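> Submitted below is the structure of interest, expressed as structure tokens.
Read the figures in this text as sums done on the coordinates, not as results from a lab. Since we're looking at a predicted model, the values are computed, not measured. With ideal geometry, Cβ positions are generated from the backbone for all residues, glycine too; neighbour counts draw on all protein chains shown.
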Amino acid sequence: MRFQSADELFAATRDLVARLEREGHDAAAAELLRGYDCLNGLTDGWAQFLESLDRVRATGGKDLGEAERRTLEDIRSDVGRTVYGR
């Protein structure tokens, strides 16, 4: 697990969204925000966030810089563990 707390994961997500917006990856930033906004403390919200992360990875991940891809993968990994308990 990369992040020590949910707050740390949330901060990394907000930072990634801001970086994506600055670099002109508006669709990826908007998709991440849509998923992030689904977080409601329940597993279904985490699953929706995971789906958004996967959509960003599938549709625009290759266009992101290395640091952004790595952060996206770190977030996705921790969210996946939250959803699937692995």
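> Need the failing condition index for G85 against (1) more than 18 Å from D15 (Cα to Cα); (2) under 13 Å from the mean Cα position of the chain (by Cα), just the number.
G85 satisfies every listed condition except (2).
> Could you figure out which of (1) more than 11 Å from V79 (Cα to Cα); (2) touching a residue at least 24 places away in the same chain (Cβ under 8 Å) isn't true of A11?
The one condition A11 does not meet is (2).
> Now for a separate question. Restricting attention to region 26-46, does a residue exist that is part of a helix (DSSP H, G or I), basic (K, R) and surrounded by 17 or more Cβ atoms within 10 Å (Cβ to Cβ)?
So far as region 26-46 goes, no, none of its residues is part of a helix (DSSP H, G or I), basic (K, R) and surrounded by 17 or more Cβ atoms within 10 Å (Cβ to Cβ).
> Would you pick out the residues in region 6-23 that are farther than 15 Å from A67 by Cα and either over 12 Å from the mean Cα position of the chain (by Cα) or exposed (fewer than 15 other Cβ atoms within 10 Å of the Cβ) (or both)?
Once the filter is applied, which keeps residues that are farther than 15 Å from A67 by Cα and either over 12 Å from the mean Cα position of the chain (by Cα) or exposed (fewer than 15 other Cβ atoms within 10 Å of the Cβ) (or both), region 6-23 yields A6, D7, E8, F10, A11.
> Looking for something small (G, A, S) and either surrounded by 16 or more Cβ atoms within 10 Å (Cβ to Cβ) or in contact (Cβ under 8 Å) with a residue 40 or more places away in the chain (or both) - is there at least one such residue anywhere in region 75-85?
Yes: region 75-85 contains one or more residues that are small (G, A, S) and either surrounded by 16 or more Cβ atoms within 10 Å (Cβ to Cβ) or in contact (Cβ under 8 Å) with a residue 40 or more places away in the chain (or both).
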